[in-house]
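Here is the structure we will look at.
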Amino acid sequence: LSMLNLQESRSMLSELMMEHPENDRYRALHLMRGSRILDVLVQQDQLDLAAVKLEELQAEWAKYLADNAEHDARSRVNYVEFFLTRATIERRRGAEDAARAALSEAISIILETLEASPDLAIGRTQLAMAVYHYWDLTGAPVESRVLAQLPGANRADTYRQSCLDVNVAARLAVMRGDLAAAQSYTAYLLSKGYFEPGFIRFCRSRGVCEQ
């Protein structure tokens, strides 16, 4: 969705929330649209505006989760996505301590979620992404209990998965020091026309793609 479509959709959801305050689905969608707007702002390098939106969305998330103590795993996954975006914004603005705190919070939330919902595949994918970014930022070794939760390194299986999963596999390969595998994964994604901005920044910064 374009920024205009996202803003119109979020505005419409705001109206629906006012008309149907008991409908938590509208609130969840409103939050998801807000997170997507943040992603677009990051892609457009509008980091100062994104930082302002961050605080507004953080307050909205806090209220939503407080009102829904028994929120489902999917809501927690969406909350983790917000923290990953927050970490990206903070790091690109030079606030490394804030980025590290956001990543720590994301890892903590997703580990707790996986403990309750161990078959949540997207949870493991998000954990891998958060762990990679934490490692990339700090250089700190990953705890064994966290490593045990990450997707495996079977290359044949990875190629049968989604582009997001292959993106994650490339990052984990860099973390393991297996640059040949990382280069293979990135070449595969580029051949498929996968040019997600965060992935391109990753592969260029780590020297595992030519573009």
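The values are calculated or read from the model by the stated rules, or taken from the named source; none is laboratory data. Keep in mind the model is a prediction, meaning the values are calculated, not measured. Backbone-built Cβ (ideal geometry, glycine too); neighbour counts: all protein chains shown. When the accessible area is computed, the model is the full protein with side chains, heavy atoms only, and any ligands, DNA or RNA have been set aside. Shrake-Rupley method; radii C 1.70, N 1.55, O 1.52, S 1.80 Å.
Structure notes:
- Ratio Rg/Rh, restricted to region 71-134 and using Cα atoms, in which Rh is the Kirkwood radius: 0.99
- Extension gain for the segment LEU16 to ARG74, taken as residue separation times 0.36 nm less the Cα-Cα distance, is 18.8 nm to one decimal.
- Under 12 Å from the ALA62 label point (7 Å along Cα→beta-carbon), backbone N, region 26-55: 55
- Kirkwood-based Rg to Rh ratio, region 13-54, C-alpha trace: 1.12
- Positive end of the dipole of region 75-211 (Cβ unit charges, origin at the Cα centre): among ALA116, GLY198, ALA95, the Cα lying farthest that way belongs to GLY198.
- Sequence-separation-based contact order of the chain, relative, with Cα cut under 8 Å and 6+ spacing, percent: 12 percent
- Count Lys and Arg as plus one, Asp and Glu as minus one, and take only other residues whose Cβ is under 12 Å from that of MET32; the net charge is then +3.
- Sparse-neighbour loop sites [chymotrypsin sites (Phe, Trp or Tyr not before Pro); region 103-211; at most 11 other C-beta within 10 Å; DSSP]: PHE195
- Counting only heavy atoms of the protein chains and using a 1.4 Å probe, GLU55 has close to 100 Å² of accessible surface.
- Whole-Å semi-axes of the ellipsoid equivalent to the chain (Cα gyration tensor, √5λ, descending): 30, 20, 17
- Of all accessible heavy-atom area on the chain, the percent that carbon and sulfur account for (1.4 Å): 50 percent
- Helical contribution to [θ] at 222 nm, DSSP H n ≥ 4, -39,500 (n - 2.57), averaged over the chain, rounded to 500: -25000 deg cm²/dmol
- 5 Å binning of all Cα-Cα separations within region 1-76, expressed as whole percents from 0 upward: 3, 16, 25, 24, 19, 10, 3, 0
- Extension gain, ASN23 back to LEU4 (0.36 nm per residue minus Cα-Cα distance, nm): 4.4 nm
- Extension gain, GLU196 to LEU164: 0.36 nm times the residue separation minus the Cα-Cα distance gives 10.6 nm.
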